[in-house]
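Below is one structure, written out as structure tokens; comments come after it.
The values are calculated or read from the model by the stated rules, or taken from the named source; none is laboratory data. Note that the coordinates shown come from a computational prediction; the quantities given were computed from them, not determined experimentally. Heads up, the Cβs are rebuilt from the backbone with ideal geometry, glycines too, and the neighbour counts pull from every protein chain shown. Each accessible area value is taken on the protein alone, full model and side chains, heavy atoms only, with ligands, DNA and RNA left out. Shrake-Rupley method; radii C 1.70, N 1.55, O 1.52, S 1.80 Å.
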Amino acid sequence: MREIVLINITGEDRPGLTAAIMGVLSHSGVNILDIGQAVIHNTLSFGILVEIPSTEHASAVLKDVLFTGYKLNQQVRFTPVSEEDYQQWVAGQGKTRYIVTLLTRRVTAEQIQRVSAITAQYGLNIDHIDRLSGRMPLDTPESQGKGCIEFSVRGEPADAAALRADFLSVAQELNVDIAFQRDTVFRRNRRLAVFDMDSTLIEAEVIDELAKAAGVGEQVAAITERAMQGELDFKESFKERLALLAGLSEDVLEDIGASLRLTEGAEMLFAELKRLGYKTAILSGGFTYFAKQLQERLGIDYVYANELEIVDGKLTGRAIEPIVDAQRKADLLRELTAQEGLRLEQTIAVGDGANDLPMLGLAGLGVAFRAKPMVKKSARQAISTLGLDGILYLLGYRDREGADE
């Protein structure tokens, strides 16, 4: 009669330990039903679920494992598992899995407690917890910190909408970001990433900067804010703002372009996406003149933005049709996806305003980045705490993978 036993081994990590334990088990024809290992600060936690074919040999096998562990300065614990319990465990195979990602400047016990409490409240079981971010020196200023903890959870939430609302509430309270996404084959197999430009890839709204140069800054900024909040139709508000720029010299464009600052993490994000084989695009309600500067700087594949109409060296206050508005962005995402021979599940869309919501909803991974409250609430995922490179964590990317060649 067979025996099923869970073997837990803990102690200082050392080379050859796995080979030594498996060598003992292999002599008795033991089958491995499950296996997992983690090392935290050079301390090993090693679990093996084994099937020992014969009860008569079980004691001898486990005694040999215990002796081998002792020689390697490891603590060994055995837990018998009934066949009924094993079959229930097997029956759980194939259940829906989700990924919960905690993004923060500095990871705290309270953050992990709150996240894990919510997952338990909605009937989800945590299978794995991993740190995706790199090791941070103790004296790192909080503003420069970068932490990410990924939870792999199993089950179906009792109320997915309420769970997301609770995550959003806790994220706002603790000044962190919490992403919740289904774990599918596409999560690490996305291949097209599209971005809004103003207040996403760059830290400014270019039309507001142009308005300041034209002496109508406050008027235009007020309209921009209402449009980004979703209070005004983007296309009509865009035309209204643009009309106020009539007569502005095109020489101003060069000065403003030179002053624009990339958003934190933009250069790293695009370098990694390129290394991973992604195609990238700007889909912006901003202006082509500035988008093409970013294209050259970041190595972006496609640019779709609005072309300013210029006559005799001055802005006319109009843009050349078609205007890139919310619907146009969504349509362009569909077109680029088809052009690249991809599925929408393989796409990422990132933006901050209400006019980005259609493309965020269409993409496999839609991220509201440092977005207005209404946009943040409406999007499936949001990042406000870290820079743009925080998006990599939502793909399961580990900081140490950036050093791979």
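Amide hydrogen proximity for ALA349: with H placed 1.01 Å from N in the peptide plane, the residues at 5 or more positions away or on another chain lying under 5 Å are VAL194, LEU365, GLY366, VAL367.
Rounded to the nearest 10 square angstrom, SER133 shows an accessible area of 10 square angstrom against a 1.4 Å probe.
For the pair ALA162 and GLU309, a Förster radius of 60 Å applied to the C-beta separation gives a FRET efficiency near 0.75, rounded to the nearest 0.05. Karplus-based coupling profile of segment 352-367, in residue order and whole Hz: 10, x, 4, 6, 8, 4, x, 6, 5, x, 7, 6, x, 10, x, 10, with θ = phi - 60° in 6.51 cos²θ - 1.76 cosθ + 1.60 and x standing for Gly or Pro. Computed over segment 329-405, relative contact order equals 21 percent, with contacts defined as Cα pairs under 8 Å that lie 6+ residues apart. With θ taken as phi - 60° and the Karplus curve 6.51 cos²θ - 1.76 cosθ + 1.60 applied, the whole-hertz 3J(HN,Hα) list for segment 31-43 is 9, 9, 8, 7, 7, x, 8, 9, 10, 10, 6, 6, 10 Hz, x standing for glycine and proline. Of the residues ARG97, ARG261, ARG226, the one with the largest accessible area comes first in the ranking ARG261, ARG226, ARG97, computed with a 1.4 Å probe on protein heavy atoms. Going through the cross-link list LYS95/LYS279; LYS146/LYS212; LYS212/LYS292, which pairs have a Cα-Cα distance over 31 Å in this structure? Too far apart for the 31 Å limit: LYS95/LYS279; LYS146/LYS212. Using a probe of 1.4 angstrom and keeping all protein chains present, the accessible surface of segment 309-393 works out to 37 square angstrom per residue.
Between GLU250 and TYR70, full extension at 0.36 nm per residue minus the direct alpha carbon distance yields a gain of 57.0 nm. Here the calculated FRET efficiency for SER143 and THR108, from their Cβ-Cβ distance with R0 = 22 Å, stands at 0.90, rounded to the nearest 0.05.
Within a straight-line Cα-Cα reach of under 12 Å, LYS274 can be paired with the following aspartates and glutamates, leaving aside sequence neighbours fewer than 8 residues apart in one chain: ASP301.
The C-alpha atoms of the chain define a longest principal axis, and helix 17-26 lies at about 50 degrees to it. In the chain, a dipole from Cβ-located charges (positive for Lys and Arg, negative for Asp and Glu) runs towards its positive end, and of ALA158, ILE223, VAL303 it is ALA158 whose Cα lies farthest in that direction. Among 79-91, 118-130, sorting by the average number of other beta carbon atoms lying within 10 angstrom of each residue, highest first, gives 118-130, 79-91. Applying 1/(1 + (r/R0)^6) with R0 = 41 Å to the Cβ-Cβ distance of GLU203 and SER54 gives a FRET efficiency near 0.05. For segment 284-360, the dipole from Cβ point charges (+1 on Lys and Arg, -1 on Asp and Glu) about the Cα centre works out to 80 debye, to the nearest 20.
Here segment 71-137 is treated with +1 on each Lys and Arg Cβ and -1 on each Asp and Glu Cβ, and its dipole about the Cα centre works out to around 520 debye. Across segment 328-336, rounded Karplus estimates of 3J(HN,Hα) from the backbone phi angles (6.51 cos²θ - 1.76 cosθ + 1.60, θ = phi - 60°) give 5, 4, 5, 5, 5, 4, 4, 5, 5 Hz, Gly and Pro being marked x.
The charge dipole of the chain, taken about its Cα centre with unit charges on the Cβ of Lys, Arg, Asp and Glu (plus for the first two, minus for the last two), comes to roughly 860 debye. DSSP beta bridges in segment 273-405, what fraction antiparallel, as a percent rounded to 5? Antiparallel: roughly 25 percent of the beta bridges in segment 273-405. Accessible surface ranking for LYS376, LYS292, 1.4 angstrom probe, highest first: LYS292, LYS376.
On a per residue basis, segment 66-141 carries 66 Å² of accessible surface, using protein heavy atoms and a 1.4 Å probe. Between 0 and 90 degrees, the angle of helix 234-243 with respect to the longest Cα principal axis of the chain falls at about 40 degrees. The alpha-carbon of LYS235 sits under 20 angstrom from the alpha-carbons of these lysines, leaving out residues fewer than 8 places away in its chain: LYS329, LYS372. One decimal place: the segment MET374-GLU225 gains 52.4 nm when fully extended, by the rule 0.36 nm per residue minus the C-alpha distance. Within segment 376-405, what residues put their amide N at less than 17 Å from the label point 7 Å along the Cα-to-Cβ vector of GLN172? From segment 376-405, the list is 376-385.
Extension gain for LYS95 to ARG398 (0.36 nm times residue separation, less C-alpha to C-alpha distance): 106.5 nm. Rolling a 1.4 Å probe over the protein heavy atoms of segment 282-405, with every protein chain left in place, gives an accessible area that is 47 percent carbon and sulfur. Between helix 266-275 and the chain there is an angle of about 60 degrees, using the helix long axis and the longest principal axis of the Cα atoms. With all protein chains present, how much of the accessible area of segment 41-164 (probe radius 1.4 Å) comes from carbon and sulfur, to the nearest whole percent? That fraction is 52 percent. Take every pair of alpha-carbon atoms less than 8 Å apart whose residues are at least six positions apart; their mean separation over the length of the chain yields a relative contact order of 15 percent.
Near the amide H of LEU248, within less than 5 Å, lie the amide hydrogens of LEU315, all on another chain or at least 5 residues away, with H placed in the peptide plane.
Computing Rg and the Kirkwood Rh from the Cα coordinates of segment 12-148 gives a ratio, Rg/Rh, of 1.05.
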